[in-house]
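Taking it in order: structure first as structure tokens, then the write-up.
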Amino acid sequence: MAEIPPNGSIALAELMTNYTHTAVSPDHLVMVAEGASGRCIMRCSLPACSGIIGIFWTPERADNASFLAAADGLLAAGVPVPRVFSRLELTNGCGACLVEDLGEQSLFSLRTAPRATRLAACTAALRTMQSFHALQANWPLQPPFDATLYTWEQAYFAEHLLGRHLQHPLATSFAQLPAARALATWLGKLPRCPVHRDFQSQNIILRDGVAYCIDFQGMRLGLPEYDLASLLYDPYMELPSADRTALLAQLAAMPGPAPQQDVLLACALQRLMQALGAYANIGYNQHKEWYLQLIPTALRTLRELCSAIPNQSPAHPLASCLASVI
């Protein structure tokens, strides 16, 4: 576990001291999660700080500074997210805040639970996902999904997974293939709504039957099927195909527009490429080997997806190309 940045521990200790009226020092803080994007999440060992999580961020990624505005907007709209108790803006683009501690029962923690428990939790996540997509977001979001961003995901996958991990010669030209460019262009023209952007099992916390979202600072306009694909094809969770089918049936019974199958498959392709690029990038360049251990599962899921995409799908040409290189 990496050390807490000194300015982060000092800022969070100050916030906790002021909020709880208890003397908190940096020595009382324990890191419970270290993101790969300049964010640290910490708890305090003092009883007075129970129920509180501290978050410290740097400007390493542009979306880190969007957390508070997104939290305020989502809370006001009634979307299940943790409450913000206190906040502090620091210099050089850094910041800190205290939020509600929702506990440790993430959707990821239920991946080996009995099927009925797992499906009930995923169904709760689908309800929360729909509340995201129904938003009229009136606060600044991250740049929207468009053809350029889809192409960036493809290039990210090519550089880090095809190039660094598989050392495949197609790495340098993959994102410029006609099939890749056509898919990015098609997806980029479809109608958009607010999306979480990283709607996977580690970012969904279950409490009292409600699925709460965390790490929503990257939300932007995009396709609802992208969030759905992030959940159904999550390599962390590795849902069986029968579970995906059952969850799609649950979603079809809920109010709101039904997902388009061809868009869902294309978004799943994009999402898995993005995830694989991230696993290789973080695993090799940030020396976090746990991410490298996710690559075989994600590749297995991607191969399964490629074989399931029908010939008439707009995603089929790229899926066919991927099947030949992974």
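We did not get these values from a lab; they are worked out from the coordinates using the rules stated. These figures come from a predicted structure and were not determined experimentally. With ideal geometry, Cβ positions are generated from the backbone for all residues, glycine too; neighbour counts draw on all protein chains shown.
Numbers at a glance
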read-out: Lone cysteines, the chain (no partner Cβ under 4.7 Å); value: CYS40, CYS94, CYS97, CYS122, CYS193, CYS213, CYS267, CYS306, CYS321
read-out: Label-to-label distance, nm, for residues given as ALA76 and ASP27 (7 Å Cα→Cβ offset); value: 4.3 nm
read-out: Residue with peak Gaussian network fluctuation, the chain [Cα springs, cutoff 10 Å], from LEU170, LEU161, LEU12; value: LEU170
read-out: Distance between the stretch 141-178 and the stretch 102-123 - C-alpha centres, whole angstrom; value: 32 Å
read-out: For the chain, calculated [θ]222 nm from helices alone, where every DSSP H run of n ≥ 4 adds -39500 (n - 2.57); value: -13500 deg cm²/dmol
read-out: Dipole magnitude of the stretch 108-325, debye to nearest 20 (Cβ charges: Lys/Arg +1, Asp/Glu -1, about Cα centre); value: 80 debye
read-out: Listed residue (ALA211, GLY103, SER324) projecting farthest to the positive dipole end of the chain, Cβ model; value: SER324
read-out: Separation in nanometres of the label points that stand 7 Å from Cα toward Cβ, at GLN167 and ALA258; value: 4.8 nm
read-out: At 1.306 mPa s and 10 °C, Stokes diffusion of the stretch 1-93 via Kirkwood alpha-carbon radius, µm² per second; value: 114 µm²/s
read-out: Spin-label pair VAL84/GLN250, simplified geometry with 7 Å Cα→Cβ offset, distance in nm; value: 3.0 nm
read-out: Span-like helix ranges in the chain, DSSP H, alpha carbon extent 18 angstrom or more, Kyte mean at least -1.0; value: 6-20, 115-133, 261-285, 295-308
read-out: Model label zone, PHE108; criterion: amide N under 17 Å from point 7 Å along Cα-to-beta-carbon; scope the stretch 137-170; value: none
